[in-house]
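Q: Sending over a structure as C-alpha cells; questions will come in a sec.
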Amino acid sequence: MYASDVAQRHFAAAVDEAETAGLGHEAVCRALLSLVISKYLETRSVADIQAELRFIAENCDPDTDFMFMRP
C-alpha cells in the first residue's frame, strides 16, 4: 500500500459524503486543502509550502508537455 492509495480512498469518501449532503465537491476540496496546509505548517516553513503550492499550480495543466517529455 502507498500513501497515495490511502489518500485517494479517503478523498473519494469525503467527496462522496459531501455530494450526498448536498455540499458539492468544491467545498470539501477547499476544506481538505486547508487541512493539508495546516498539517504542513506543523513541520515546514511558510516559504516551503508556498513553493510547493506554486509548483503544483504552475504544473497542473494535464495538456501541457514538459521539456523532459519525449514527443
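The values are calculated or read from the model by the stated rules, or taken from the named source; none is laboratory data. Every value quoted in this text rests on a predicted model; they were computed, and no experiment measured them. Because the Cβ atoms are built from the backbone with ideal geometry, glycine has one as well, and the counts that use them run over all protein chains shown. For accessibility, only protein heavy atoms count, side chains too; no ligands or nucleic acids. Shrake-Rupley method; radii C 1.70, N 1.55, O 1.52, S 1.80 Å.
Q: Take the residues in the range 32-52 that are β-branched (V, I, T) and in a helix (DSSP H, G or I); name whichever of them is farthest from A12 (Cα to Cα).
A: Residue satisfying both the conditions and the ranking: V46.
Q: Quick one: F11 ticks every box in (1) assigned to a helix (DSSP H, G or I); (2) surrounded by 13 or more Cβ atoms within 10 Å (Cβ to Cβ); (3) more than 11 Å from the chain's Cα centre (by Cα) bar one, so which box is it?
A: Just one mismatch for F11, condition (3).
Q: Something else: So which residues in the range 17-31 are open to solvent by 100 Å² or more (accessible area, probe 1.4 Å) and either aromatic (F, W, Y) or part of a helix (DSSP H, G or I) (or both)?
A: Result: E17, T20, E26, R30.
Q: Look through the range 32-60, keep the residues that are more than 14 Å from the chain's Cα centre (by Cα) and exposed (fewer than 10 other Cβ atoms within 10 Å of the Cβ), and return whichever of them is farthest from A3 (Cα to Cα).
A: If we take residues in the range 32-60 being more than 14 Å from the chain's Cα centre (by Cα) and exposed (fewer than 10 other Cβ atoms within 10 Å of the Cβ), then A47 is farthest from A3 (Cα to Cα).
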